[in-house]
Amino acid sequence: MCLGIPGEVVEVLSDRPDLAMVDVSGVRRAINIGLLTEDPPKAGEWVLVHVGFALSKIDEAEARSALEFLESLGQAYADELAALRESRIE
């Protein structure tokens, strides 16, 4: 199963403005934010992440609600977080 997972932007990488460090349930990864060029996310904002790309910005209430739902999925969510831990954008 592939999920879109909310993540909080920690920082936009100064040397790669198309990448942002995003915290997804304690896992920090560089995520491509190139699809959001019209309204790029800033530190403290939330994005919906799928396969290493930020698909859209979401508000914190929507992010919290989605995270609660995802955590209720149990193993499927745990599998997605494990895959995220192992992914890297070079």
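The values are calculated or read from the model by the stated rules, or taken from the named source; none is laboratory data. Treat the numbers as computed from the prediction; the structure is a model and nothing was measured. Note that we place each Cβ from the backbone using ideal geometry, even for glycine, and neighbour counts take in every protein chain shown.
From the list ALA43, ALA54, ALA20, ALA30, which one is in contact with a strand residue (DSSP E or B) (Cβ under 6 Å, 6 or more places away or on another chain), in contact (Cβ under 8 Å) with a residue 12 or more places away in the chain and over 19 Å from ARG85 (Cβ atoms)?
Testing whether each residue is in contact with a strand residue (DSSP E or B) (Cβ under 6 Å, 6 or more places away or on another chain), in contact (Cβ under 8 Å) with a residue 12 or more places away in the chain and over 19 Å from ARG85 (Cβ atoms) leaves just ALA43.
How many residues does the range 35-58 hold that are hydroxyl-bearing (Ser, Thr, Tyr) and closer than 18 Å to SER14 by Cβ?
Residues meeting the conditions: 1.
Looking at the range 36-63, which of the residues that are surrounded by 13 or more Cβ atoms within 10 Å (Cβ to Cβ) and in a helix (DSSP H, G or I) is modelled with the highest pLDDT?
The qualifying residue modelled with the highest pLDDT is LEU36.
Across the range 64-76, what is the number of residues that are in a loop (DSSP other than H, G, I, E, B) and surrounded by 13 or more Cβ atoms within 10 Å (Cβ to Cβ)?
1
Could you tell me which numbered condition TYR77 fails, if it satisfies all but one of (1) at pLDDT below 95; (2) aromatic (Phe, Trp, Tyr); (3) in contact with a Lys or Arg (Cβ under 8 Å, 6 or more places away or on another chain)?
(3)
Filtering the range 5-35 down to residues that are assigned to a loop (DSSP other than H, G, I, E, B) and surrounded by fewer than 18 Cβ atoms within 10 Å (Cβ to Cβ), which residue is modelled with the lowest pLDDT?
Ranking the candidates gives SER25 first.
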